[in-house]
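Undergrad: One structure is given below, represented as structure tokens, and several questions about it will come after.
Where a number appears in this text, it was derived from the coordinates with a stated rule and is not lab data. Keep in mind it's a predicted model, so treat the numbers as computed, not measured. In this analysis, Cβ positions are derived from the backbone assuming ideal geometry, glycine residues included, and neighbour counts consider all displayed protein chains.
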Amino acid sequence: MNYNMEDTQNSAPGSLPPSQAAKLAPRRAPEGQSTTKRLQTELMQLMCSAAPGVSAFPVDAGDLSIWNATIDGPDDTPYAGLTFKLTFNFPNNYPYAAPTVLFKTPIYHPNVDFSGRICLDILKDKWTAAYNIQTVLLSLQSLLGEPNNASPLNGEAAELWDKDPEEFKKKVLGRHRDVDDE
Amino acid sequence: MASKANRDNLQEVEDSTDWLNTPLAPLAAVESALRCQVCTEFYTTPMITSCSHTFCSLCIRRCLSIDGKCPGCRAPDQELKLRSNWPLEEAVDAFKKARSGLLEHARKPVIIGRSSPKRKLDCVQENEADDGPRKRTRSSSKRTATASQQTVVVDSEQEDEDYIPNDGLVACPICNGRMTEMAIDRHIDQCNGIPPATSDSRSKPRASATFSTSSKTFSKPERLPHLSYSMFKDNNLRKKLSELGISANGPRQLLEKRHLEWVSIWNANCDSKNPRTKFELKQELDKWERTQGSAWVASNSHKPGSQLLDKEFDGLAWSSAHDDSFKELIAKARRKPPTGSIAPPESQSPRNAVSDDAIVEATPPRTTDYQMGGYSAPTTTLSSTSAEQLSGDLVAGLKNHDLPSRGPATADSIANMGDVAIRKSNMASARPLQP
């Protein structure tokens, strides 16, 4: 997969800048690194008490700014039984700015385009600092069952959703394939 | 492998999940309620918003300075309307003090957990070298299996206070009320389990805490006002920063971000019960500079997507700089019917120099193509364009788009560009503008 974009924020684990290396120290992160601290707490929450059907974990132990996540397709939707992988990319002023979230698993959905970009208000202008990874994942999960067909990224899918649910389901299954972790 | 290393780091992170899998698991909810939703740490100087949500002073000030909305409910709010939430702060302080002891207690197997608070208390008693009735009660409870009632009393005392005040008084083993040795025998005969109000050990620290609060509120530093940055020319803003005693270097947008952060840090400190010194605040700003300020400059010049999401996104400069790619996209869209997959505006597209003509003529690109790419068209800045704002935008825009193409920017080159930009912007604002 293409990780060029992330290189602007993070270098290889061997060459961490001092600010990032600090969080590898056994003691807790120094104060002021609110982004790191917050991501660590979120990781704890997700590991100890994750909501059913969602999970997330950092790609690399030394770098909390890129995460992989999965959501299970909700029952009673065309996505039931399927699992979707996503990537989260956290800006250095997270949580004051939204993470960049992409579907890695190809998905046929009115609000997701063919490169995995998502059109969801809380990831754009409706983001607030009180959201977290888990709430985003749960929102995405409910987006699967309740697409916003008024502002589609995939116009065909938006039309089929109402017109021909069977054809929609076929397209969903046709598009879905498992992707390997890098 | 990765997960193991992460787990090791996380051992040191204190959070509400520490209580899960202990007998005190319900405290996880108590602890989450005492933590800020923004930073997920215990509230530091909690402030209550107009919509009755509570956040750390610094967290809510940062949020409001970004979009003026409460992170809890998106209701519009202003920093001026924030009020301190003192009782919550007291609750947080009390819980933080009790936390490690409680957690230790909760994590131990039940029988060992019982003995630990008693050992502490016994030590204190032996120091007192006192053979009063109280000592006999405690030491006998250590050995008797049937003394569970008294053990519970000891535990609850442990939760309230970690120490026994050295006030020459002794505690009643039934109600924990403190009184003189002379009085205790008579008291025990008629004790009903409710401690006499005057001798309650808890009342003392609480009263003193409230007292110190009110005495400190008078010597507070003045809060800083927010600036409307579009009213400031580069040099004036730099002067403003120097007057505040913070660094005045860097590109325009960084200056604004730095000032914003400083105002948040400063004003949050004004809210605090225990204000820190200006030196400490500056260290905090330095940290921000290292972790966000400089990184922000680097990432912003490379990532077009993140820029579009920025509140202060400069739509005018963006549309003029990417005029070519927009036209290209429009042409493409007309050639063939829209499909689902579209390339985003490319960052490496030729950046034409920002000419005055381009600015006046620039129109918001509104094509189906554009909207389907998932980006919002930057129309808002254009509609409310005034001459003053335009010049400000131009300055910001010039820096934004000239910087990356010139490679690593030095302080000198930035200052030079600032001057050029001001001259250009003066020209721009002097011209009559068409709507």
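Undergrad: Pull out the extension gain between B:MET231 and B:ALA29, defined as 0.36 nm times the separation in residues minus the alpha carbon to alpha carbon distance; nm, one decimal.
TA: Numbers: separation 202, 0.36 × 202 = 72.72 nm, distance 4.70 nm.
Length difference between fully extended and current span is 68.0 nm.
Undergrad: Here is a further query. Hey, what do the phi angles of segment A:47-52 turn into as Karplus ³J(HN,Hα) couplings, whole Hz, using 6.51/-1.76/1.60 and θ = phi - 60°, x for Gly and Pro?
TA: Rounded to whole hertz, the list is 6, 8, 8, 6, 5, x.
Undergrad: Among the listed pairs B:LYS257/B:LYS332; A:LYS124/B:LYS278; B:LYS81/B:LYS278; A:LYS104/B:LYS69; A:LYS126/A:LYS170; A:LYS170/B:LYS332, which have their C-alpha atoms separated by more than 27 angstrom in this model?
TA: Table pairs above 27 Å Cα-Cα are B:LYS257/B:LYS332; A:LYS124/B:LYS278; A:LYS104/B:LYS69; A:LYS126/A:LYS170; A:LYS170/B:LYS332.
Undergrad: Next question, about the same structure. Net charge around B:VAL38, counting only other residues with Cβ within less than 10 Å of its Cβ (Lys, Arg = +1; Asp, Glu = -1)?
TA: Details: positive: A:ARG38, B:ARG35, B:ARG62; negative: B:GLU41.
The answer is +2.
Undergrad: Kindly state, to the nearest 0.05, the FRET efficiency for A:LEU102 paired with B:ILE330, given R0 = 30 Å and r defined as their beta-carbon distance.
TA: The pair A:LEU102/B:ILE330 has a calculated efficiency of 0.70.
Undergrad: Then there's this: At 37 °C and 0.692 mPa s, grab the translational diffusion coefficient of segment B:227-293 from Stokes-Einstein with a Kirkwood Rh over Cα pairs, rounded to a whole number in µm² per second. If you can, show how the numbers build up before the last one.
TA: Details: Rh = 12.4 Å.
Reported coefficient: 265 µm²/s.
Undergrad: Let me ask another. What nm distance separates the two modelled labels at A:ASP125 and B:GLN78, each placed 7 Å from Cα along Cα→Cβ?
TA: For A:ASP125 paired with B:GLN78, the spin-label model returns 2.3 nm.
Undergrad: Separate question: Taking R0 as 51 Å, what FRET efficiency do you get between A:ASP76 and B:LEU103 from their Cβ-Cβ distance, rounded to the nearest 0.05?
TA: Numbers: r = 42 Å, r/R0 = 0.82.
Result of the calculation: an efficiency of 0.75.
Undergrad: Follow-up. Put a dot 7 Å past each Cα toward the Cβ at B:ASP67 and B:LYS273; how far apart are the dots in nm?
TA: 3.3
Undergrad: Give me the Å³ per residue figure for the convex hull around the C-alpha atoms of segment A:94-182.
TA: Values: hull volume 8.8 nm³, N = 89.
Convex hull volume per residue, Cα atoms: 99 Å³.
Undergrad: Next question. Which shape class applies to segment A:31-175: rounded if a/c is under 1.5, otherwise prolate when a/b exceeds b/c and oblate if not, where a ≥ b ≥ c are the square roots of the Cα gyration tensor eigenvalues?
TA: Note, shape of segment A:31-175 comes out prolate.
Undergrad: Within a Cβ distance under 12 Å of A:VAL101, other residues only, what is the Lys/Arg minus Asp/Glu net charge?
TA: Here the count lands on +4.
Undergrad: Here's something else I'd like to know. May I ask you to give the average projected area over all directions of the convex hull of the Cα atoms of segment A:57-126, in nm² rounded to one decimal?
TA: Values: hull surface 21.7 nm².
The directionally averaged projection comes out at 5.4 nm².
Undergrad: Would you pull out the residues with amide H under 5 Å of B:ALA75's amide H, same chain only if 5 or more places away, H placed 1.01 Å from N?
TA: For B:ALA75, the qualifying residues are B:CYS70.
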